[in-house]
Amino acid sequence: MGTVSVANKDINVSLAEKKPRVVFVLGGPGSGKGTQCANIVEHFHYTHLSAGDLLRAEIKSGSENGTMIQNMIKEGKIVPSEVTIKLLQKAMLESDNDKFLIDGFPRNEENRAAFEAVTKIEPEFVLFFNCPEEEMEKRLLSRNQGREDDNIETIRKRFNVFLESSLPVIEHYKAKEKVREIEAAKPIGEVFEAVKVVFTPKAEKVVA
Ligand SMILES: Nc1ncnc2c1ncn2[C@@H]1O[C@H](COP(=O)(O)OP(=O)(O)O)[C@@H](O)[C@H]1O
Ligand SMILES: Nc1ccn([C@@H]2O[C@H](COP(=O)(O)OP(=O)(O)O)[C@@H](O)[C@H]2O)c(=O)n1
Ligand SMILES: [Mg+2]
């Protein structure tokens, strides 16, 4: 159960039985997805799955896909869905939790359509951190996590990929009224106040 060796079909059967509740967390590079996910985990007991973190762990593990993933990340390109979806499925199956924040996925239409087709999971909603490029650039250049893609050349490529490939995914979910948009160019605490409103059940919001 939940091991890497089980066939794909079995992974999907087990995942369907688990009926995970999923929130997609989207926004440009440096918009604060990871930072706010950490706050959400603490307050609302979700499990945080960052697609980028899972891909970076895959490189470190010495997997056969490692070199390909590393090259794609350095160029700011989006890794083929098959690879990322397998990592997300495995992480959801191995977790005891049934509530997940999927951060940085789906990043293009291929990601979105493949995840839907393979897992049959529809997100409860999509949390979208809207932030001006100028602010995101400033944050990424001072992130200091030693990431190979936090240099100005790759950052520009990531911004282009975001505009061309990721914004259409957000538009897709807007048309389904699933997007909860947050103004992200504010201090971390203020952004989290807006996030809390989204995650607090409606009945609790009317407490005087
Ligand atoms: N609201 C904010 N104001 C200022 N800096 C922020 C804010 N949110 C995050 N940061 C910082 O900006 C950088 C990018 O944040 P991160 O959460 O990693 O973004 P993302 O996952 O969307 O790329 C980090 O160094 C983080 O500490
Ligand atoms: N769904 C995804 C998510 C990330 N990635 C790759 O991983 C890189 C870093 O993603 P990330 O989510 O950690 O980056 P941030 O938005 O947090 O800065 C992306 O630029 C892509 O190269 C991907 O290929 N597919
Ligand atoms: Mg991140």
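Average accessible surface for the chain: 54 Å² per residue, computed with a 1.4 Å probe over protein heavy atoms with every protein chain in place. Just so you know, the averaged projected area of the alpha carbon convex hull for the stretch 97-191 sits at 7.6 nm². Summed over all non-identical Cα pairs, the Kirkwood treatment of the chain gives a radius of 17.8 Å.
Projected over every direction and averaged, the convex hull enclosing the alpha-carbon atoms of the stretch 5-65 yields 5.9 nm².
Quick check on the stretch 141-208: what are the equivalent-ellipsoid semi-axes from the Cα gyration tensor, as sqrt(5λ), descending, whole Å?
Equivalent ellipsoid of the stretch 141-208: 31, 19, 8 Å, largest first.
Between amide H atoms placed 1.01 Å from N, distances below 5 Å from residue 50 occur with 103, all of them 5 or more places distant or on a separate chain. Here r is the Cβ-Cβ distance between residue 71 and residue 141 and R0 is 25 Å; the resulting FRET efficiency, rounded to 0.05, is 0.65.
On the beta carbon distance between residue 172 and residue 60, with R0 = 30 Å, the FRET formula returns roughly 0.40.
Extending 7 Å from the Cα toward the beta-carbon at both residue 180 and residue 16 defines two label points whose distance is 2.9 nm. For the pair residue 196 and residue 97 in one chain, pulling the backbone fully straight at 0.36 nm per residue adds 33.6 nm over the alpha carbon distance.
On the chain, 52 percent of the accessible area sits on carbon and sulfur atoms, based on a 1.4 Å probe. Of interest is the spacing of the C-alpha centroids, which for the stretch 106-129 and the stretch 131-177 amounts to 18 Å. Normalised by 2.2 N^0.38 Å, with N the number of residues, the alpha-carbon radius of gyration of the stretch 43-102 equals 1.19.
The values are calculated or read from the model by the stated rules, or taken from the named source; none is laboratory data. Keep in mind that this is a model prediction, so the values were computed, not measured. Please note: Cβ atoms are built from the backbone with ideal geometry, for glycine as well, and neighbour counts cover all protein chains shown. To get the accessible areas, we keep the full protein, side chains included, count just its heavy atoms, and leave off ligands, DNA and RNA. Shrake-Rupley method; radii C 1.70, N 1.55, O 1.52, S 1.80 Å.
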